[in-house]
Amino acid sequence: MPRNVLVVGELSEGAPTSTTIELVGAGSRLAGGGTVAVTLLGNGAAAAAAATFPAGATKAFTSDDANYDQFRSDQWLAAVESAFGLASPDLVLMAQSLVGRELAPRLAFRHNTAAAMDCVHLADDGGTLKVTRPVYGGNALATFSFATSPAVATVRAKSQDPIEPKAGASGETAELPAAGEARAAIIGREKVEAEGLQLQDAPVVVSGGRGLGSPDGFKLVEELAAAIGKDKAAVGASRAACDLGWYPPSQQVGLTGKVVTPDLYIAVAISGASQHMAGCSGSKTIIAINKDPEANIFKSARFGIVGDYRQVLPPLIAAIKAAR
Amino acid sequence: MHLVVCAKQIPDPETPPSAFKIDPQKNEVIPAPGIAPVLSQFDGIAAEAALRIKEKAGDTKVTVISMGAESAQQAIKQVLAMGADEGVLLNDPAFEKGDPHTTATVLAAAIKKLGHVDAVFCGRQAADWDWGEVGILIAEHMNWPVAIIAKGVELQDGKFRVQRVLEDGFQTVDVPMPSVITVSNEFGEPRYPKLQQIMQAARKTVTSWKSGDLGVDAGAVGAAGARLKLERLYIPEKEGKAEIMDAETPADQAKQLVEKLKAAKIL
């Protein structure tokens, strides 16, 4: 049975985000010949729509109104409701982002249906949509089906593969109304991001945890990242370390922080609680450095060093510098 | 003012992975022996946020409500010990095995029954099912605005000024009263009740409401009303054990690791 899919897309610097492209790809796999519509809102949305067709979209609903640039859920909800009317979706997909976290439950409520959050797996099981998501802080996985329609799901970044781009593909476009009223007023916005390479883009992530013992421990972690290369490695932190104020929350890797999928993830003095692993288990290779040989992190790591990071990191930094 | 805190009792998230077990027939977590359930961490922080507002504003009542088993009294008592004034337990077999939608339906009915409410504080998500939806759905039921994932909340000119955690920084928003605010761990640690407060809380009465008291249709809540059907709950297989560097000294282990990484073309 064909399934009409509506993807709530997001823009970054005038282009669809990589997660939007992944969601459109997932949508086109699940559509089974149904339409794959995408909404894009904010400055440059109409122009950005062209990039969604090769990724699998068949329709794009856009508004260039710059009032959508900052997410206000009342405004976005009204716009997505308009697109909903045009797309008659059986499935609505959003990113597990600032947008999806708030919009998915609200949209589901208004259509007497349910939203499944932070899904990592979407499957068609003989015509029934089944979604799988981590629960109990990542200790377990739960698979759900929907008793109501449409199904609404938010999806974890990088959990879905984009499709092979369809060169020259095009699709229908339609304009959504300009932004209306919002009850919550945005008063200020403060960007707190590490300079240079961003966590999600880095091919190597070096993270520190509570086992560092003090904020000073991050100096060695940063040195290790710098030795690998400022253009290659970014520094992350566990929730425990961020909650202690040792590192900015914007660098938190984990269930309530960022999800990273680098080629190499180096966990320094991190025990490997499920909560943390939820943010890094998609890494190609994990290296663990921990003084506790029983630490959970060694179960997910490919290589490990059992030892005090203060003794291990300086020679490791030297060896990496020598190898480059 | 009247502030409501929604509190949930959950299996202790600090349960070691070796003690975390699932009954595959029932699709349920088997309670770990000797590990008592706890107040969901984020809900304790939500209570802290409400109590700080109360202390600053004065003349404010804080009511804590919890939907759950009889044992959820403990979660309620903990928030009462922190300084909340009244507790309500929503305990009915009809409420069990629901989903975020049915939970929010029950909680919203209870909030309406409480009468005048200026704000509802929830944790950003419960640390068991991690949905992160109930606060938002309560707001939809009440037709109130919502501000999620707060790291700071202050009352200012009759509005809540909320500092929110975003992926790349912070955002300050003003939401009018009444509204729902969900609170994140960046807010800070909840207070630790003093022994005297714990004893006082033990004497505070906790009201108990069932589906009939709330006027909710038993078929619309719990398992009967759930829109999400749990098909399978399972523990993912771990890949196994790391290859541990076995050279004598940390320096040699570091060199050994770099050699391995070069051989595997990772570095």
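A few comments on the model shown:
- Proportion of all alpha-carbon pairs of the protein assembly as shown beyond 48 Å (%): 11 percent
- Shape summary: region A:5-175 maps onto an equivalent ellipsoid whose semi-axes, from the alpha-carbon gyration tensor, are 23, 18, 15 Å in decreasing order.
- Percent RCO, i.e. relative contact order, over chain A, from Cα pairs under 8 Å lying at least 6 residues apart: 14 percent
- Region B:89-94 - phi-based ³J(HN,Hα) in whole Hz, Karplus 6.51/-1.76/1.60, Gly and Pro as x: 9, 9, 10, 7, x, 5
- Across B:HIS101, A:HIS121, the residue with the most accessible area heads the list, and the full order at a 1.4 Å probe is A:HIS121, B:HIS101.
- For region B:2-225, the share of DSSP beta bridges that are antiparallel, to the nearest 5, is 45%.
- Anchor B:LYS159: aspartates and glutamates whose Cα lies under 20 Å away (excluding residues fewer than 8 positions away in-chain): A:ASP74, A:GLU181, B:GLU48, B:GLU55, B:ASP59, B:ASP118, B:GLU140, B:ASP174
- Spin-label model, B:THR207 to A:LYS291: label points 7 Å out along the Cα-to-beta-carbon direction sit 5.3 nm apart.
- Here, chain B is characterised by an Rg to Rh ratio of 1.08, where Rg is the alpha-carbon radius of gyration and Rh the Kirkwood radius.
- With helices as the sole contributors, the protein assembly as shown gives -8000 deg cm²/dmol at 222 nm; each DSSP H run of n ≥ 4 counts as -39500 (n - 2.57), and the sum is divided by every residue.
- Counting Cβ atoms of other protein chains within 10 Å of each Cβ in A:96-109 and taking the mean gives 5.
- Mean separation of Cα pairs under 8 Å and 6 or more residues apart, divided by the residue count, gives chain B a relative contact order of 24 percent.
- Label-to-label distance, A:ALA323 versus B:GLU189, with points set 7 angstrom from Cα along the beta-carbon direction: 3.9 nm.
- Scattering profile of chain A at q = 0.11 Å⁻¹ [log10 I(q)/I(0), Debye over alpha-carbon scatterers]: -0.75
- Counting Cβ atoms of other protein chains within 10 Å of each residue's Cβ and taking the mean over peptide B:10-21 gives 3.
- Legend: distances between Cα atoms for A:LYS158/B:LYS260; A:LYS166/A:LYS232; A:LYS166/A:LYS230; A:LYS130/A:LYS299; B:LYS56/B:LYS204; pairs beyond 32 Å are A:LYS166/A:LYS230.
- When all alpha carbon pairs of region A:56-142 are counted in 5 Å bins from zero, the resulting P(r) reads 3, 11, 20, 23, 21, 12, 7, 3, 0 %.
- Protein-only accessible surface at a 1.4 angstrom probe places the residues B:HIS141, A:HIS276 in the order B:HIS141, A:HIS276, largest first.
- DSSP bridge orientation in chain A - percent antiparallel, rounded to nearest 5: 20 percent
- The fraction of accessible area contributed by carbon and sulfur in the protein assembly as shown is 50 percent, rounded to a whole number (1.4 Å probe; ligands and nucleic acids excluded).
- Rounded FRET efficiency, nearest 0.05, which uses the C-beta distance separating B:LYS265 from A:ALA47 and R0 of 45 Å: 0.70
The values are calculated or read from the model by the stated rules, or taken from the named source; none is laboratory data. Since we're looking at a predicted model, the values are computed, not measured. Cβ: placed from backbone, ideal geometry, glycine included. Neighbour counts: every protein chain shown. Ligands, DNA and RNA are stripped out before the accessible areas are found, and what is left, the full protein with its side chains, is counted by its heavy atoms. Shrake-Rupley method; radii C 1.70, N 1.55, O 1.52, S 1.80 Å.
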